[in-house]
Each structure stands twice: as structure tokens, then as C-alpha cells.
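A.B. asks: Below is the structure I would like to discuss, written out as C-alpha cells.
The values are calculated or read from the model by the stated rules, or taken from the named source; none is laboratory data. In this text, all values refer to a predicted model and were calculated from it rather than measured experimentally. Ideal geometry is used to build each Cβ from the backbone, glycine not excepted, and the neighbour counts take in all protein chains shown.
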Amino acid sequence: MKRRDAIKKSALLAGIAFTGPSLLSLLQSCARTDRLNWQPQFLNENQALFVSAFADTLLPATETPGGLDVKADIFIDLVFAKSYDDEAQQQVRNNIDQFNAYSENNYGAVFADLNAEDRKRCLMDHEKESGKFRKSVWGTAVGEEEQPPGFYRSLKSLTLWAYFSSEEVGREILVYDPIPGEYRGCIPLSDVGNSWTF
Amino acid sequence: MANFNIDAKKDVTYDAIVIGSGISGGWAAKELCENGLKTLVLERGRIVNHVTDYPTMSDDPWDQELRGSITPEDREIHYKGIRSGFIGENNKHFYANDLENPYTEVKPFLWIRAHQMGGRSLLWGRQCYRWSDLDFEANAKDGYGVDWPIRYRDIEPWYTYVEKFAGISGEPLGLPQLPDSHFLPPMELNCLEKQVKDRIESDFPGRNMIIGRVAHLTEPLNGRGQCQFRNRCDRGCPYGAYFSSNAVTLPAANATGNMTIRPYSIVQSIIYDDQEGKASGVRIIDAETHEVTEYQARIIFCNASALSTTQILLNSTCERFPDGLGNDSGELGHNLMDHTYRIGAMGESDDFEDRYFKGRRPNGIYIPRYVNLPNQPQSDDFVRGFGFQGGAGRANWSRGANEEDFGGEFKDNLMKPGPWEFFITGFAECLPYHENKVFLDRDNLDHWGQPTLAIDAEWKENELALNRKIREDAREMLERAGLKNIVDFDNNHEMGYGIHEMGTARMGNDPETSVLNATNQVHACKNVFVTDGACMTSSSCVNPSLTYMAITARAANHAVSELKNNNL
């Protein structure tokens, strides 16, 4: 999307009038990226830029849509806004700010402003350091936890959910079969292709 | 479908009152109505009509704003129930409001309630196994608790009777400790389950692995459709393919024209008539208006669920029963049992990479009890036994969270199914201990000013020893089955997680040590019947609901014949 269009759209969504000073400040704050073309419900602009950049780096578009194509970032913000309690929300803000502070200290800019290579390096730093999720049985984690998954892996998990539970991926890419009608326990994978949607 | 008659205003006198409309209440209503008794079913929650009141039954994730996730407000309303891990946007409307219905955990105890027509029959796990004399004779043989007043032969015809109407899918095996039901065709095992089955059965003589026996139709029955393998059961099934009161027993009761069901009816107490020496009716509080009304009937069936029935009986005091109706023995509220839960192992397989399955089977595998069987060496560490549930599938995209990778190729790989995984989790029998109990808490009142329940119960050494053996055996079986990356686990869940609470108004031969007789009548108040989980004298290690159905049908038909003979 063209920068000017993006600004117009986000400004309209936010109900901001296009007058001198606010237009200027909007241009400045958006100078680092042309991507924030949506109005967050919970995140501030810098935090929203981070989530968009995170989703784009984690799940870039290939021959299949990327995280941003299915609006994973917008859904993540919605989950923070409506499903997180006050304490968890504050934790999210702190964690994003810390992630950006790490990025600035080690790569010279906040995550959204890094070039593609530095974004990958920055993610891999966190990938190496983060604990893992435990397995779960009937909706609840089981087994001993060695190290909690932490913010990076939790956001990664949230981003995967946002992407794979989207209608576009669920209907067009995974194999959508809402009423299977039968159970067959052992068939060639080639008969299905990709994973079932759910 | 026909509308339910919910007009209880025009008549306050009935032949029978049934308290509760869940799995056992639905059966009581059906049997009593079909035998010609004008029956009032009292339901403390709202009416839930089959199909039309299943608002999320066909939702895909993207049809809901938060795709199945719930809000902090919902988590507050369900602050206890949420511990189960089962409550989400798809089913939250079928779980009780924990704020309006508080209870006290003297020791940690998860009490899952479902306050609407159909109760937990909308939410249950649907696994159905007959008990055997290994279970009915257990107390008598090892001395824990009191002897059951019935044996397998007493209940066997009633198992057959309820199975034919409920519809139980499964495979006959001929095991004495897990008698075969009257079965509809079994569901299929998948590739990995078949492999694990073959390896376990060849490596461990005496152990079997079978497809779960479930209350799902695998062919149409009585106008109900067969399972479509959507695995969206706890939202309500549009086909009526799994057994619920809403889809099966209550419509049958309604069809007789003999049933009135009164929603929003909280039973405050059962009224005892000292002159007649029996109960004359019940007193209810309207959940919406708080108005108190009394209804009369010749017999009363208590099917509010084990602990709620116990709460009602404890709250039904009078000169004759100062400690609660039928509590001459002092056992009412005691001997609370459940099954231990989420102890087991899981692992991955390198095999069958090019194989997959079709359909979301709402069922898994079952490994029947194989320890402490008759004519077998008995364990020195514990009495009784355990069984396993579990199953295999392929990892989905969520596996990506733990992979040290990201980017385009990573994303596209997650479009394909991941490794096959298999897990089993044990359910151990719990012994009846007098000190595991519930009692009325008159200092903490609920939304309607009624005393709440306090629960004071915990696992003891025998259950913990069974759990250790479950974990050990689970790992060993998965290792011998050739699985990789095995994780064994014990979540140390407190009692209640099995959602099989039972035993607090037990059956027995002796009125001095039990609350109910062999036909589920309160010993000293014979026109009050208790046929939900409260009546259970021991817990077996297999799921109890099928036994509640059979016991209820048996007791209801006994009640009808006693009424005919003017014995009640």
C-alpha cells in the first residue's frame, strides 16, 4: 500500500482531521514504515508496528499469503484488547517495549525499523533463548516445564494461531471439511494434500 | 420437535417429581412418563431445546470475533470451571455461573456444574463401559466402604435396556472385567493406533487396546442421525448423534404427554410428612423471581447430580431428620469419590508419514483394567485398578511454536501435517473414605440465600500408588510400542477433575451404614429415590454414566411397580 493511502486510511479510521500539525506528526511517526494501515484497538502505534513487523517476519508471503495478508496483526491486537485482562495487557506493553529496547541495543533500531536480515537475526536471538511449550492433553499442558516459553514464543504461538485460524487460510489453503460424515483411520496423505483445517 | 410443557402453574400435584434433567434425570423422566405417571421435572436452569438452542454448533473459528477465545469477564464468571481447560466461546453457555453458585474448597476440589435442561449430558465425555462384579464385589472383598446391595446380574438387563435406546458404539471383546454392551458398529482405529495395539497386545499378555465405547450413533436410531465426525459435541449435536437428555430421553418423555418441565426451579428442600412417614413433595425457589412454591407428588427422584442432590438432602431437615433427609446413618455427604485424571504418557512415531485420516473422531482408544484381576497375582502397593483412555493423531500447525525456525519455508511446511503422536492417560479407582465429605456451609449463602456446599476431600495413599503405577506403565507401554520422544506426566490434579464425583448418598444393605437401599430408595423414606452419582457405593475405574442410566431405569421401573402395588 502506498504511504499516502495508508496515512489517509489510518487517519480516517482514527477520526483524525487532516490539519497541519497532526498531519505532520502522523507523517513523522509513520516515516519508518508504510505498513500501519489499520487502527489498533489496544496497542499504541509503535507497539502495533512491532506486531505487524513480527507477523511479517515470522510468516512472510510466499506463493501462499503471509501473516499480514490475512491480517494476523490486526487479530492479535484484538485478542490483546478483548481477551487479556488488565494485568496481562500491561505485561504485553512491557514485553514489546523490552523487545524493542533489545533490538535498539543490539541492532541499532526498534524491530520494525530493522532491515530484513537484522529482523531475522533478532528473532533468532530470542528463538535460541526462549523456553518451549509443554505438550498438552485434552486442553491442558502436561509434563515438567524446564523454562517458561516467555514472550517471544507466546507471541509466535499467537501469530501462528492468528494465521492458521483465519478464514482465508482455513478455506483456501488448508483442507476445509466441516462435515466429514465418516472416519477413515488410515488413508494416503496424497488423497488430502495439506492438513485438515481442524 | 414438540414444544415442552413448561406450565407448572396450573397444577401443583403430580404422580412423580424428578429433580434435575441431566443424564440420570432424563432417564427417570422417560421411564416414569412412559409408565403413565404425570411427572414434573424440575430444572434449576433454562430450557435448552435440541438444535435450536445450540448457538455455536456450526461455527468455524473465524465466525467468532475471538475465534473461540473468551473475555476476562467470562473467565471471572467461570473462575472455578475454567481450571478444567474445557471452557471456551463454543460451550461457555453450558457451564454454570461460578459467581452465583459459590462453593467452598476446604481442600482443593474442582466442581463442574451445568445448570440448564440437559445438564452435563450436553458436555460429557460420552465414554460408556459396563461395570462388572469385579466392581460390585470390590468393597466386600477388600473391606473398604460397605458392600454394594446389588450385583452385575441385577443390573445386566438394565444395561441392555438403556444401551438399546441410548445407542452405544463399540466392539465386543468378551472380557469378564469389562462386559460387552449391546453395540452399534465400532468406530475405526487409525494407522498408529493399530500399530500400538498390536505391539502392546503381543508384548503384554493380558492387556488389550480397543476403540472407545461411546454413546454415539454409528447408524441412525429412532429418528436420530448418525455421527458426522465433526467433533463439535460439547456445543450440542444438530444430528442428535450423541446421547444427551435434550436429544434423546426428554423428547421421549415429552412425547407421552405426561411430562411438565419447570425451568428456573431451584429445589430448596424435600418436604417430609411425619404422619405419613414419607415425603410429600418439594419446595422450590424460582431462580428468576425468588418466589417459593411447593409441589406435591407420590414419589420423588433426586437426579440433580451427586453433590447437588446431597446438598438438597442435607438441607431437607425436620424433626424426624434433623441432619438431613435419610441421614440416619450419618453417611450422607460422606464417601465422596472421583477418578484420578491426566496421568500418563505421550510419544511420537516416525512411521506412517505418508498416511493420514479423514474425519474428526469424537472418541479414542481404551485399555481396560489389567491389574489385580481375579486369579492373578495381586499388587502389594495398592488395591483395585485403573484403565487408560487415549488416542493418536498427527500434529498440526501449532507444533511450529516450538520449532527453532520461522520464515516462508517454515510457514509452508506447517501447511502439512506433522508427526504422528500417541498418548494414553489413566483413570484410577478411588476408594470410599468416610472423611472425604461435603457439608452445608450456612455462613456462605448463594445468590438465592441458600446454604452453599463445602467440599473437604483428597486423594489418599491408595490413589497415589495407583497413579504412580499408571505413569510407570504408560511410559513402558509407549516405549515397547516403539514411540519416540516420550514424555510421561502426572498433573497432580486435585479431586473433581475427573468430573465423576459420586458416593455421597451411597447404596447399601444396612441402614446403619448407608443412605439408600438396593433399589435406590432412601432407607427411612421409601418414596424418595436417588439415582445419580450420589448413590454409588464404590467408584470402579471405568466411566460411571452408563451405570447411572441403568440404575435409574431399574429404580424407576421398580418405583412404578411399587406404586401399582400400593407399597409407596
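To keep it simple, each residue is scored yes or no on (1) touching a Pro at 6+ places or on another chain (Cβ under 9 Å); (2) buried (at least 16 other Cβ atoms within 10 Å of the Cβ); (3) closer than 21 Å to residue B:413 by Cβ; (4) more than 14 Å from every other protein chain (Cβ to nearest Cβ).
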residue	(1), (2), (3), (4)
A:62	no, no, yes, no
A:65	no, yes, yes, no
A:100	no, yes, no, yes
A:119	no, yes, yes, no
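A.B. asks: Kindly check whether there is at least one residue in region B:455-463 that is in a helix (DSSP H, G or I) and either surrounded by fewer than 19 Cβ atoms within 10 Å (Cβ to Cβ) or of a type in the set (Gly, Ala, Ser) (or both).
C.D. replies: Yes, because at least one residue in region B:455-463 is in a helix (DSSP H, G or I) and either surrounded by fewer than 19 Cβ atoms within 10 Å (Cβ to Cβ) or of a type in the set (Gly, Ala, Ser) (or both).
A.B. asks: Of the residues B:398, B:379, which single one is within 14 Å of another protein chain (Cβ to nearest Cβ) and polar (S, T, N, Q)?
C.D. replies: B:398
A.B. asks: Given the structure, is residue B:230 part of a helix (DSSP H, G or I), farther than 24 Å from residue B:552 by Cα, in contact (Cβ under 8 Å) with a residue 40 or more places away in the chain and among the basic types (Lys, Arg)?
C.D. replies: Values: part of a helix (DSSP H, G or I): no; farther than 24 Å from residue B:552 by Cα: yes; in contact (Cβ under 8 Å) with a residue 40 or more places away in the chain: yes; among the basic types (Lys, Arg): yes.
It is false that residue B:230 is part of a helix (DSSP H, G or I), farther than 24 Å from residue B:552 by Cα, in contact (Cβ under 8 Å) with a residue 40 or more places away in the chain and among the basic types (Lys, Arg).
A.B. asks: Pairs, please: C-beta under 9 Å, at least 6 apart or cross-chain, first residue in contact (Cβ under 8 Å) with a residue 60 or more places away in the chain and in region B:434-452, second among the aromatic types (Phe, Trp, Tyr) and part of a strand (DSSP E or B)?
C.D. replies: Taking only residues 6 or more apart or on different chains, the pairs are B:438/B:103; B:438/B:109; B:441/B:103; B:444/B:103; B:446/B:103; B:452/B:103.
A.B. asks: Let me ask something else. Across region A:25-77, which residue is modelled with the lowest pLDDT among those that are among the basic types (Lys, Arg) and over 18 Å from residue A:170 (Cα atoms)?
C.D. replies: Taking region A:25-77 and keeping what is among the basic types (Lys, Arg), we get A:32, A:35, A:71.
This time we only want the ones that are over 18 Å from residue A:170 (Cα atoms), so: A:32, A:35.
Details: A:32: 45, A:35: 61.
Among those residues, the one meeting the criterion is A:32.
A.B. asks: Does region B:411-423 include one or more residues that are closer than 16 Å to residue A:161 by Cα and more than 9 Å from every other protein chain (Cβ to nearest Cβ)?
C.D. replies: Yes, the conditions are met somewhere in region B:411-423.
A.B. asks: Name the residues in region B:354-375 that are free of Cβ contacts under 8 Å to residues at least 60 places away in the same chain and away from chain A (no Cβ under 14 Å), would you?
C.D. replies: B:372, B:375
A.B. asks: While we're looking at this one, here's another question. Looking only at region A:153-177, how many residues end up being more than 7 Å from chain B (Cβ to nearest Cβ) and farther than 19 Å from residue B:405 by Cβ? Can you show your working first?
C.D. replies: Of region A:153-177, the ones more than 7 Å from chain B (Cβ to nearest Cβ) are A:154-155, A:158-159, A:161-163, A:168-169, A:171-172, A:175-177.
Restricting the remaining residues to those that are farther than 19 Å from residue B:405 by Cβ gives A:168, A:171-172, A:175-177.
Here the count works out to 6.
A.B. asks: Condition check: crowded, with 23+ Cβ neighbours inside 10 Å, in contact with a strand residue (DSSP E or B) (Cβ under 9 Å, 6 or more places away or on another chain), more than 14 Å from every other protein chain (Cβ to nearest Cβ) and on the phi < 0 side of the Ramachandran plot. Does residue B:338 satisfy that? Working first, answer last.
C.D. replies: Details: crowded, with 23+ Cβ neighbours inside 10 Å: yes; in contact with a strand residue (DSSP E or B) (Cβ under 9 Å, 6 or more places away or on another chain): yes; more than 14 Å from every other protein chain (Cβ to nearest Cβ): yes; on the phi < 0 side of the Ramachandran plot: yes.
The answer is yes for residue B:338.
A.B. asks: Another question, if that's okay. Report those helices (runs of 4 or more DSSP H) wholly inside region B:23-136 carrying at least 1 residues which are within 14 Å of chain A (Cβ to nearest Cβ).
C.D. replies: Numbers: elements: B:23-34, B:72-77, B:133-136.
Hits in region B:23-136: B:72-77.
A.B. asks: Then there is this: Do you know which residues across region B:287-312 are farther than 18 Å from residue B:102 by Cα and free of Cβ contacts under 8 Å to residues at least 40 places away in the same chain?
C.D. replies: Kept after step one, since they are farther than 18 Å from residue B:102 by Cα, are these residues of region B:287-312: B:289, B:291-303.
Across region B:287-312, the qualifying residues are B:289, B:291, B:292.
A.B. asks: Another question about this same structure. Can you report the number of residues in region A:121-141 which are in contact (Cβ under 8 Å) with a residue 12 or more places away in the chain, within 7 Å of chain B (Cβ to nearest Cβ) and among the charged types (D, E, K, R)?
C.D. replies: Of the residues in region A:121-141, 2 are in contact (Cβ under 8 Å) with a residue 12 or more places away in the chain, within 7 Å of chain B (Cβ to nearest Cβ) and among the charged types (D, E, K, R).
A.B. asks: Looking only at region B:152-177, how many residues end up being touching a strand residue (DSSP E or B) at 6+ places or on another chain (Cβ under 8 Å), in a loop (DSSP other than H, G, I, E, B) and touching a residue at least 60 places away in the same chain (Cβ under 8 Å)?
C.D. replies: Number satisfying all stated conditions: 2.
A.B. asks: Mind checking which pairs have a first residue in region A:71-84 that is within 11 Å of another protein chain (Cβ to nearest Cβ) and without any contact (Cβ under 8 Å) to a residue 12 or more places away in the chain and a second that is part of a loop (DSSP other than H, G, I, E, B) and aliphatic (A, V, I, L, M), Cβ under 8 Å, 6 or more apart or different chains?
C.D. replies: Short answer, once both residue conditions are applied: A:83/B:66; A:83/B:70.
A.B. asks: What number of residues within region B:24-74 are more than 15 Å from residue B:92 (Cα to Cα) and of a type in the set (Lys, Arg)?
C.D. replies: Within region B:24-74, residues that are more than 15 Å from residue B:92 (Cα to Cα) and of a type in the set (Lys, Arg) number 3.
A.B. asks: Check region B:170-184 and report whether any residue there is crowded, with 21+ Cβ neighbours inside 10 Å, within 14 Å of chain A (Cβ to nearest Cβ) and of a type in the set (S, T, N, Q).
C.D. replies: No.
A.B. asks: Check off (1) in contact with a Ser or Thr (Cβ under 7 Å, 6 or more places away or on another chain); (2) more than 9 Å from chain A (Cβ to nearest Cβ) for residue B:350 and give me the number that stays unchecked.
C.D. replies: (1)
A.B. asks: Show the residue pairs that are 6+ apart or on different chains and have beta-carbon atoms under 7 Å apart, the first residue being within region B:182-205 and without any contact (Cβ under 8 Å) to a residue 60 or more places away in the chain, the second being among the basic types (Lys, Arg).
C.D. replies: Close Cβ pairs satisfying both conditions: B:182/B:164; B:201/B:207.
A.B. asks: Could I ask something else about it? Suppose we keep only residues that are outside any helix (DSSP H, G or I) and either of a type outside the set (A, V, I, L, M, F, W, C) or outside the structural domain of residue A:50 (by TED's automatic domain parsing) (or both) within region A:71-130. Which one would you say is farthest from residue B:405 (Cα to Cα)?
C.D. replies: The residue in question is A:85.
A.B. asks: Quick one: is residue A:144 part of a loop (DSSP other than H, G, I, E, B), of a type in the set (Asp, Glu) and closer than 30 Å to residue B:56 by Cβ?
C.D. replies: Values: part of a loop (DSSP other than H, G, I, E, B): yes; of a type in the set (Asp, Glu): yes; closer than 30 Å to residue B:56 by Cβ: no.
The answer is no for residue A:144.
A.B. asks: In region B:511-568, which residue that is within 27 Å of residue B:134 (Cβ to Cβ) and in a strand (DSSP E or B) is nearest to the chain's Cα centre (by Cα)? Working first, answer last.
C.D. replies: Pass one, region B:511-568, residues within 27 Å of residue B:134 (Cβ to Cβ): B:511-521, B:523, B:529-558.
Filter once more, so that each one left must be in a strand (DSSP E or B): B:516, B:521, B:529-530.
On the way: B:516: 20, B:521: 21, B:529: 19, B:530: 15 Å.
Filtering region B:511-568 for residues that are within 27 Å of residue B:134 (Cβ to Cβ) and in a strand (DSSP E or B), the one nearest to the chain's Cα centre (by Cα) comes out as B:530.
A.B. asks: What strands (runs of 3 or more DSSP E) completely inside region B:335-404 contain at least 1 residues that are more than 20 Å from the chain's Cα centre (by Cα) and of a type in the set (Phe, Trp, Tyr)?
C.D. replies: Details: elements: B:343-349, B:355-358, B:365-367, B:386-394.
Where strands (runs of 3 or more DSSP E) fall fully within region B:335-404 and carry at least 1 residues being more than 20 Å from the chain's Cα centre (by Cα) and of a type in the set (Phe, Trp, Tyr), they are B:355-358.
A.B. asks: Residues of region B:429-445 being of a type in the set (Asp, Glu) and buried (at least 16 other Cβ atoms within 10 Å of the Cβ), which ones?
C.D. replies: Keep residues of region B:429-445 that are of a type in the set (Asp, Glu), which gives B:429, B:435, B:441, B:443.
Hits for region B:429-445 are B:429, B:441.
A.B. asks: Would you confirm, using the coordinates I've provided, whether residue B:447 is away from chain A (no Cβ under 11 Å), at pLDDT below 95 and in a loop (DSSP other than H, G, I, E, B)? It would help to see each step written out before you state the result.
C.D. replies: Details: away from chain A (no Cβ under 11 Å): yes; at pLDDT below 95: yes; in a loop (DSSP other than H, G, I, E, B): yes.
Yes: the conditions hold for residue B:447.
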